[in-house]
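Worksheet: one structure, shown below.
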Amino acid sequence: MTKRYHILGIKITAAILCFSLIPLIVLGVSLYKHFVTSYTNRVLEALRASVEERKRALDFFFEERVSQLLSIAHTHSFDQIIKAGYLDELFAVIQTRSKYYIDIGVIDMDGNHVVYVGPYNLKGFNYRETEWFQAVSMQGVYISDVFMGFRKIPHFIIAVMKREGEKFWILRATINTELFESLVLAARKGRYGDAFLVNEKKEYQTNPQVIGKTTEHFIPITELGFFRGTKVMESYISGRRSAIGASWLENKRWLLVVIEDLEEELFPILQARHLALMLLLGGIGAIVVGAIGVSVVMVRQMEESDREKAALDAELMHSSKMAALGRLAAGVAHEINNPLAVIREKAGWLRDLLEEEDIRSSENFKEFADAVDKIEYHVERAREITHRLLGFARRMEPHREKVNIHRVITETLSFLENEVLYRNITIHKSFDPRIPDIESDSTQLQQAFLNIVNNAIDAVDKNGDIWITSKLDTHRNLVIVEIKDNGPGIPEDILERIFDPFVTTKPVGKGTGLGLSITYSIVEKLGGKIYASNRRDGHGAVFTLEFPITGSKSEDVLKT
């Protein structure tokens, strides 16, 4: 039974948890994913805006540099600009407004570096065979990729051409790559973020700060080829989830790449996730505790209801059995009373005959008289038994009177003295002298004690012991009588139904199973209770009877 309730409790708990936790977890996960997706989209849109803003700044940078050089070239003639010291003064003026130039020089149509202002000794170098010279000669304006050149260090140039009749000359300036890179890196965010430029050949034009020196890390963008506008995507770079934004510059076919670490950008979300997870776990814990508590309460209530129902069913069944037994007892008593009346009448007639003189003179007169006496004695005894059966059948109310329970027990034991002596059984009595008289029926009490002690004698059989003790329970206002024996005890399988009619531990043919049932009925009618158990050492049975103490005299005894 306990296992069944345990399984039921587990099922109830599981059902409550399923209906409570599954929607909660689904809702929490859905909201979290929706929020992360929305926040990630906002990060990507912010990255797109940052890339576009940085692209405009770089395009403006190139437009401004080209415009400056074109303005200088178109406002000066070749002869004017190559005058000694003139380009130095012009370069000094430019530097006051912008520090992005490292040097500046004039190259004639034959590729000779005619005039040079800067930290390197480049005057007299010929650039006729260089790629940039050929490009600017054809295009008029040229921005180079980063290259080594005569300086033997990475740099890039901006060159513009001016025609004067059949001739042309080139104004060439070298850009400060450190300042230019700082302009690019202004788009970088976070510890793991990066920003750089690559050309169409996937060669770095500025130095990346985080991802390394190869372009393999951002192939997802560079594989797209040339495209208009700005593209953003998610990818994993060096094992970290990243957002990549890219856009091609307008004035130079360089790709601006900006990388943001999504784990850094989503750090507030991660913090919120940890907090939400803690709250979720706390909520789950509360739900689990509540579910277990509710299931325990429900199972206990169900168990209590089942127990009460079982008790009511048992009481109903017991009442049904007792009613059936009562009807049987009434029928048996009625059938026995009729022949008993006839026997008693004939015994009286025999006694009248014995009074005649001729029969008195018979030598067997004494035996005749003894036979009639025994017949009348056993008829009376049988009548008393049928009277008790009728009393049991009609559930006769007990005759209330002041009863000394110790006297009733002693008188009951006197009926069994011969049986006890014959079987060599010792009866140990221990009575509490404080016990007052109780209101009860001495005859029915005697019948109850007689049945229990008789059962104890049968259980012990021979050479055993029976203990009868009484005590006063002042807290519950009860008199308690306990009858123990050292017999084999009551089998566990019938212990709970030992007071049911026709239940007996005696061999077949030696017991009817009515004694304890009648005793139980008597004790209940007298307002008491009776319990059956086995001794703790397993040797013998214990019957405990409880009777209430009533009346002012009893209360006075309890107070003393």
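Key figures
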item: Looking only at the range 106-147, and only at residues there that are more than 17 Å from Glu164 (Cα to Cα) and among the small types (Gly, Ala, Ser), the one that is surrounded by the most Cβ atoms within 10 Å (Cβ to Cβ); result: Ser144
item: So Gly124, is it at pLDDT below 90 and among the small types (Gly, Ala, Ser); result: yes
item: Helices (runs of 4 or more DSSP H) contained entirely in the range 58-160, each with at least 2 residues that are in contact with a Phe, Trp or Tyr (Cβ under 6 Å, 6 or more places away or on another chain); result: 131-139
item: Qualifying positions in the range 162-191 - more than 27 Å from Asp110 (Cα to Cα) and either outside the structural domain of Phe147 (by TED's automatic domain parsing) or hydroxyl-bearing (Ser, Thr, Tyr) (or both); result: Thr177, Ser182
item: Residues of the range 9-24 satisfying the condition of being surrounded by fewer than 16 Cβ atoms within 10 Å (Cβ to Cβ), modelled with pLDDT under 80 and either in contact with a helix residue (DSSP H, G or I) (Cβ under 8 Å, 6 or more places away or on another chain) or more than 18 Å from Leu280 (Cα to Cα) (or both); result: Leu24
item: Selected residue [modelled with pLDDT of 90 or more and surrounded by fewer than 20 Cβ atoms within 10 Å (Cβ to Cβ)] from Thr469, Thr512, Thr443; result: Thr469
item: Qualifying position, being among the small types (Gly, Ala, Ser), surrounded by fewer than 20 Cβ atoms within 10 Å (Cβ to Cβ), farther than 14 Å from Ile409 by Cα and touching a residue at least 24 places away in the same chain (Cβ under 8 Å), among Gly487, Gly464; result: Gly464
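The values are calculated or read from the model by the stated rules, or taken from the named source; none is laboratory data. Since the structure is predicted, the reported quantities are computational estimates derived from the model, not experimental observations. So basically every Cβ, Gly included, is an ideal-geometry build from the backbone, and we count neighbours across all protein chains shown.
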